Amino acid sequence: MKGFLIIGGGHNGLVCACYLAKAGGNVTILERRSIVGGAAVTEEFHPGFRNSVASYTVSLLNPKIIEDLNLREHGLEIKLRPQSNFFPISDKESLSFHKRVADTQAEVACFSKKDAATLPAFYAMLETVADILRDELLRSPPRAVPYKSV
Ligand SMILES: Cc1cc2nc3c(=O)[nH]c(=O)nc-3n(C[C@H](O)[C@H](O)[C@H](O)COP(=O)(O)OP(=O)(O)OC[C@H]3O[C@@H](n4cnc5c(N)ncnc54)[C@H](O)[C@@H]3O)c2cc1C
């Protein structure tokens with residue numbers, strides 16, 4: 001049985017450890033904190049309320065990982081938010097991002113009509129980039145070939 005040592009028990013260390021253990025590896029994780037999870041750590045931020053205290057939405061957790069590691073059977077339940085984001089700016093001003101682009105545009109227009117008008121094009125550009133990266137995420141990176149001088 002092969003032995004593996006993973007430094008850091010954040011999201012990626014834990015996921016790697018699970019895949020290696022599933023494949024029969026003998027895995028040890030070294031985590032410097034007294035709690036695992038890294039930037040996606042679950043902690044009690046207010047008595048009785050637990051959440052990830054840095055990473056705040058389940059956006060980068062790949063559905064394939066959820067399936068491969070049977071995370072739902074281990075208690076994973078994803079709750080949908082009624083609105084995307086709420087940004088307090090001052091005691092009097094805030095900015096909310098909504099599911100419908102038109103609703104977000106109306107919010108942004110309070111600060112900049114020009115930015116509100118270009119928001120759909122900005123989202124479309126982001127989607128194009130995200131689609132490309134999403135496809136690459138599950139592929140092994142190319143193996144770097146050492147440079148040979150002639
Ligand atoms: C503020 C913030 C908000 C984010 N929001 C989101 C979000 O909403 N949705 C989302 O999907 N992603 C979000 N992310 C990204 C997500 O948190 C990261 O992609 C993910 O946590 C990366 O995991 P990781 O295991 O690579 O690194 P980390 O989570 O950083 O984990 C690294 C771990 O290694 C440990 N470590 C470091 N050095 C050592 C050492 N020498 N010895 C032992 N242990 C060590 C650390 O203590 C830590 O536990 C956010 C990130 C940040 C910082």
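Okay, here's what the table says:
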{"read-out": "Contact order relative to length of the chain, as percent, for alpha carbon pairs under 8 angstrom and 6 or more apart", "value": "11"}
{"read-out": "Segments 73-79, 118-124, 10-16 sorted - mean Cβ within 10 Å per residue, highest first", "value": "10-16, 118-124, 73-79"}
{"read-out": "Unit charges on C-beta of K, R, D, E only; dipole of the range 82-140, Debye", "value": "100"}
{"read-out": "Kirkwood Rh (inverse of mean 1/r, distinct Cα pairs), the chain, angstrom", "value": "19.5"}
{"read-out": "Which listed pairs, of K22/K148; K64/K99; K2/K64; K2/K79, have C-alpha distances above 30 Å, in listed order", "value": "K22/K148; K2/K79"}
{"read-out": "Local electrostatic count at R72 - Lys and Arg +1, Asp and Glu -1, tallied over other residues with Cβ under 15 Å", "value": "-2"}
{"read-out": "Binned Cα-Cα distances of the range 82-140, short to long, each 10 Å bin given as a whole percent", "value": "20, 40, 26, 12, 2"}
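Each value in this text was obtained by applying a stated rule to the coordinates, not by laboratory testing. All values derive from a computational prediction rather than experimental measurement. A quick note on method: Cβ atoms are made from the backbone with ideal geometry, for glycine too, and the neighbour counts reach across all protein chains shown.
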